[in-house]
Amino acid sequence: MATTKDKKGTTAKNKSADSKKSSTKKATTKKKDTAPKSKSADSSKVTAKKGAAKDLQDLFEDGLKDIYWAEKALKKELPKMEKNASSKELKNAIASHLKETEEQIKRLEAVFKSLGKKAQAEKCDAMAGLLDEGKGIIEETEIGAVRDAGIIAAAQKVEHYEIATYGTLAAFAKVLGHKEALKLLLETLKEEKKCDKTLTGLADTNLNSKAE
Ligand SMILES: [Fe+2]
Ligand SMILES: [Fe+2]
């Protein structure tokens, strides 16, 4: 024991290796010291992969591919969420957003077309994670008001992700001068915000009180 403490004492900044109290302190200090060392300024700078975005136009197109994948994945999941919801209002809200989502997919295809590009999907890890979480919530709750509250929570996370994404893509489109794309992206952004508001209303008035 004494040897270990002495060893720690020699590497730590504090002095007086003889004192038991100070050797305990040193152990703590040493831990704190080692953590930031592993994150050196050099290792946290990531080298770009092959095919990395060269400019804002590239980043914009990458973002479009991501959200195109995300909307398509959501289109597959929404009917499952609807089936698992109990409240009629929630079922209706999901069903109506499914229709909107189908339109949004077409709208994204129009965005690609306006850029003279073919619509392409690239896996969006964020949406995949959010949808996985949604599945988990359904599995971990009994059918009824509590599951409904969970579905609303999961759906709102999805909407917030979409709002952030479309907001960013619209800003990129504006800077890049893609007027048609901007118009289409703002239309979808409006729908996502409206859907989020509807879900907040459902959570506030119906489900949260029933789920208690
Ligand atoms: Fe959407
Ligand atoms: Fe949405």
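Assess whether Val158 counts as being in a helix (DSSP H, G or I) and either among the acidic types (Asp, Glu) or at pLDDT 95 or above (or both). For Val158, the condition - in a helix (DSSP H, G or I) and either among the acidic types (Asp, Glu) or at pLDDT 95 or above (or both) - is met.
Per the listing Leu207, Leu176, Leu186, Leu131, the residue uniquely more than 12 Å from ligand 1 (Cβ to nearest atom), modelled with pLDDT of 95 or more and buried (at least 20 other Cβ atoms within 10 Å of the Cβ) is Leu131. Just one of the listed residues (Asp66, Asp58, Asp42) is modelled with pLDDT of 95 or more and surrounded by fewer than 16 Cβ atoms within 10 Å (Cβ to Cβ), and it is Asp58.
Taking the conditions (1) part of a helix (DSSP H, G or I); (2) surrounded by fewer than 14 Cβ atoms within 10 Å (Cβ to Cβ) in turn, Ile143 satisfies each one other than (1).
If you go through region 147-172 and pick out every residue that is within 13 Å of Leu78 (Cα to Cα), surrounded by fewer than 23 Cβ atoms within 10 Å (Cβ to Cβ) and small (Gly, Ala, Ser), you end up with 1.
Being surrounded by 14 or more Cβ atoms within 10 Å (Cβ to Cβ), within 13 Å of ligand 2 (Cβ to nearest atom) and acidic (Asp, Glu) is a property that holds for Asp196. Tallying residues that are without any contact (Cβ under 8 Å) to a residue 60 or more places away in the chain, farther than 17 Å from Asp132 by Cβ and in a helix (DSSP H, G or I) within region 51-78 yields 4.
Go through region 120-141 and report how many residues are more than 19 Å from Asp62 (Cα to Cα) and not basic (Lys, Arg). Outline the logic, then answer.
In the first step, residues of region 120-141 are kept if they are more than 19 Å from Asp62 (Cα to Cα); the result is 130-141.
With not basic (Lys, Arg) added as a condition, the list becomes 130-134, 136-141.
So the answer is 11.
Residue check: Gly177 meets all listed conditions (1) in contact (Cβ under 8 Å) with a residue 40 or more places away in the chain; (2) at positive phi but one, namely (1). For Ala170, the stated conditions hold: it is aliphatic (A, V, I, L, M), free of Cβ contacts under 8 Å to residues at least 40 places away in the same chain, in a helix (DSSP H, G or I) and away from ligand 1 (no atom under 12 Å from the Cβ).
In region 90-104, what count of residues is obtained for those that are surrounded by fewer than 19 Cβ atoms within 10 Å (Cβ to Cβ) and either within 16 Å of ligand 1 (Cβ to nearest atom) or at pLDDT below 95 (or both)? Residues that pass the stated criteria total 7. Residues that are more than 16 Å from ligand 2 (Cβ to nearest atom), in a helix (DSSP H, G or I), more than 20 Å from the chain's Cα centre (by Cα) and among the charged types (D, E, K, R) within region 92-130 comprise Glu109, Lys113, listed in sequence order.
The values are calculated or read from the model by the stated rules, or taken from the named source; none is laboratory data. What you are looking at is a predicted structure, and each value in this text was computed from that prediction instead of being measured. In this analysis, Cβ positions are derived from the backbone assuming ideal geometry, glycine residues included, and neighbour counts consider all displayed protein chains.
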